[in-house]
Amino acid sequence: MTSTPGPRDVDVVVIGAGQAGLSTAWALARQGFAPGTGFVVLDGEEAPGGAWRHRWPSLTLGTTHRVHDLPGLPFTPDDDSAPAVESVPAYFTEYEQRFGLPVLRPVRVAAVRRGADHRFRVETDRGAWTARAVVNATGTWTRPFVPRYPGQERFRGRQLHTVDYRSAEEFRGQHVVVVGGGASATQLLAEISRVTSTTWVTRRPPVWRAGPFDADAGRRAVAMVEEAVREGRRPGSVVGVTGLPTSTPYIREGLDRGVLQRLPMFDRITPGGVAWDAAGGVESRFVAADVILWATGFRAAVGHLAPLRLRDPGRGFRMEGTQVAGEPRLHLVGYGPSASTIGANRAGQAAARVLRRELRPGAPLPRTG
């Protein structure tokens, strides 16, 4: 891990040093790309940890989705009650140091363009790099999504997104409307409802999964997202197609307390709350609110790839494995079907193998212990 730029012309630039970027960097080294000269990792964060550096303090290792091991170094925390915001960045720090990964930070990428001699030009706030290939591993945390509803700008209370959440205590004595049907929404709802009154609103009825999420279920979920990216559609999250597991302690406890009773999506926001209009035999309804918490997910952080003109407006990238169709030297890891920790590990290694075949054909693999 270093903050001092080395060579500015390399084989591969990896953008992002979260799970996807680190697993890709590890795999590139094992495929014979020299750290620092053969590849670099550009990370916009001030320190290791990726999005985990910004999780809310009450999120513990025991309540988060499993933190999957990075390749080559098991994650073996001593205490499941430890805050994830501390434990996971510490693990990422150890990982970067253990394998001598050439992570440069903070380096914020502004644009990726096609340069001379069939190379990419990666423009950043610390100058430009050129590379024969680019692996984008920027995830989604920096692009929170908040849908638009009539009257939103006139709401007198507070509106925040999951990325802004820190503690349920800040809402004590207020009524909180939690919007969203995913894992974060149910977790925050269960937490906030212990200290104040809540209303849960989702676009679609939640799908509860009673059984275990086994390997077959995981493969089916990934296949659904893979189909979307092959067709160039905007990918949904893997988690979004798996359902909500009732075996999870906070979901089970929330169901027992009756706080996971959802209402359909409201029609508009008023200065004092949210409202449903009468339609289809349903009576109008109004819920007074002090806070609207938008647990409405994220979008892929890929704006810096726009100069390459590889994505249709309003759509996603058409993918072939980890490669973007039409530009095989651009790989997306942590996107679509690899937007989970275990998926990112596999995709990073797959991308590294493809890049070795394309950029270093016939070169012997380095000896690894």
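The values are calculated or read from the model by the stated rules, or taken from the named source; none is laboratory data. Everything numeric in this text was worked out from a predicted model, so none of it was measured. Please note: Cβ atoms are built from the backbone with ideal geometry, for glycine as well, and neighbour counts cover all protein chains shown.
Looking only at residues in the range 76-100 that are among the small types (Gly, Ala, Ser) and in a loop (DSSP other than H, G, I, E, B), which one is surrounded by the fewest Cβ atoms within 10 Å (Cβ to Cβ)?
Top of the filtered list is SER81.
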Please go through (1) under 20 Å from the mean Cα position of the chain (by Cα); (2) without any contact (Cβ under 8 Å) to a residue 60 or more places away in the chain for ARG98 and return the number of the only condition it doesn't satisfy.
(1)
Just give me the residues in the range 47-75 being free of Cβ contacts under 8 Å to residues at least 40 places away in the same chain and assigned to a helix (DSSP H, G or I), in sequence order.
ARG53
By residue number, the members of the range 16-44 that are under 14 Å from TYR95 (Cβ atoms) and within 20 Å of the chain's Cα centre (by Cα) are ALA17, GLY18, GLN19, ALA20, GLY21, LEU22, SER23, THR24, ALA25, TRP26, VAL41, ASP43
Can you tell me which residue in the range 192-220 is modelled with the lowest pLDDT, limited to those that are among the hydrophobic types (A, V, I, L, M, F, W, C) and either surrounded by 16 or more Cβ atoms within 10 Å (Cβ to Cβ) or outside any helix (DSSP H, G or I) (or both)?
PHE213
Within the range 24-73, residues being in contact with a strand residue (DSSP E or B) (Cβ under 9 Å, 6 or more places away or on another chain) and among the polar types (S, T, N, Q) number 4
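Residues are listed down the side, and each one gets a yes or a no for (1) in a loop (DSSP other than H, G, I, E, B); (2) surrounded by 13 or more Cβ atoms within 10 Å (Cβ to Cβ); (3) at pLDDT 95 or above; (4) hydrophobic (A, V, I, L, M, F, W, C):
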{"position": "ASP256", "(1), (2), (3), (4)": "no, no, no, no"}
{"position": "VAL259", "(1), (2), (3), (4)": "yes, yes, no, yes"}
{"position": "HIS304", "(1), (2), (3), (4)": "no, yes, yes, no"}
{"position": "ASP312", "(1), (2), (3), (4)": "yes, no, no, no"}
{"position": "LEU330", "(1), (2), (3), (4)": "no, yes, yes, yes"}
{"position": "GLY334", "(1), (2), (3), (4)": "yes, yes, no, no"}
{"position": "ILE342", "(1), (2), (3), (4)": "no, yes, no, yes"}
Do you know which residues across the range 55-75 are at pLDDT 90 or above and exposed (fewer than 14 other Cβ atoms within 10 Å of the Cβ)?
PRO74
Between a residue in the range 166-183 that is among the aliphatic types (A, V, I, L, M) and any residue that is assigned to a loop (DSSP other than H, G, I, E, B) and surrounded by fewer than 16 Cβ atoms within 10 Å (Cβ to Cβ), which pairs come within a Cβ distance under 7 Å, given they are 6 or more apart or on different chains?
ALA168/ARG194; ALA183/HIS65
Go through the range 275-301 and give me each residue that's buried (at least 16 other Cβ atoms within 10 Å of the Cβ) and out of contact with any Gly (no Cβ under 9 Å at 6 or more places or on another chain).
TRP276
Answer with yes or no whether VAL287 is touching a Ser or Thr at 6+ places or on another chain (Cβ under 8 Å), among the β-branched types (Val, Ile, Thr) and closer than 23 Å to GLN31 by Cα.
no
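Hand me the list of strands (runs of 3 or more DSSP E) wholly inside the range 127-191 holding 2 or more residues that are assigned by TED's automatic domain parsing to the domain that holds GLY343 and over 27 Å from TRP276 (Cα atoms).
On the way: elements: 127-136, 158-161, 176-179.
By residue number, 127-136.
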For the range 109-122, which positions are charged (D, E, K, R), over 15 Å from GLY326 (Cα atoms) and loosely packed, with under 15 Cβ neighbours inside 10 Å?
ASP117
Here are some conditions: (1) part of a helix (DSSP H, G or I); (2) under 21 Å from ALA137 (Cα atoms). GLY44 meets all but one. Which one does it not meet?
(1)
Being at pLDDT 95 or above, assigned to a loop (DSSP other than H, G, I, E, B) and either of a type in the set (Phe, Trp, Tyr) or farther than 19 Å from ALA20 by Cα (or both) is the filter here; which residues of the range 101-126 pass it?
ARG119, ARG126
